[in-house]
């Protein structure tokens, strides 16, 4: 089966407001289920692609501190 995870995640979240997106992210993190990781990765990709270099640097600094 060929599953396009990016497209599925973006389709499922299309039109969500900030509070709904936050609930999705918090739920995925607190739930701790491995199956949620690809969806969080897609959201990370969206943030990265929509960010300027300064914000990307901030994200990388926080990631470096967290890992």
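Among the residues of region 49-67, which ones are in a helix (DSSP H, G or I), out of contact with any helix residue (DSSP H, G or I) (no Cβ under 8 Å at 6 or more places or on another chain) and over 19 Å from residue 6 (Cα atoms)? Of everything in region 49-67, those that are in a helix (DSSP H, G or I), out of contact with any helix residue (DSSP H, G or I) (no Cβ under 8 Å at 6 or more places or on another chain) and over 19 Å from residue 6 (Cα atoms) turn out to be 53, 54, 55, 57, 58, 60, 61, 62, 63, 64, 65, 66. Quick one: would you say residue 46 is touching a helix residue (DSSP H, G or I) at 6+ places or on another chain (Cβ under 6 Å), assigned to a helix (DSSP H, G or I) and surrounded by 12 or more Cβ atoms within 10 Å (Cβ to Cβ)? No; evaluated as a whole, the condition is false for this residue. Could you grab me the full set of residues in region 7-43 that are in a loop (DSSP other than H, G, I, E, B) and either at pLDDT below 95 or in contact with a strand residue (DSSP E or B) (Cβ under 6 Å, 6 or more places away or on another chain) (or both)? Matches in region 7-43: 32, 33.
The values are calculated or read from the model by the stated rules, or taken from the named source; none is laboratory data. On a predicted model such as this, the values are computed, not experimentally measured, just so you know. Because the Cβ atoms are built from the backbone with ideal geometry, glycine has one as well, and the counts that use them run over all protein chains shown.
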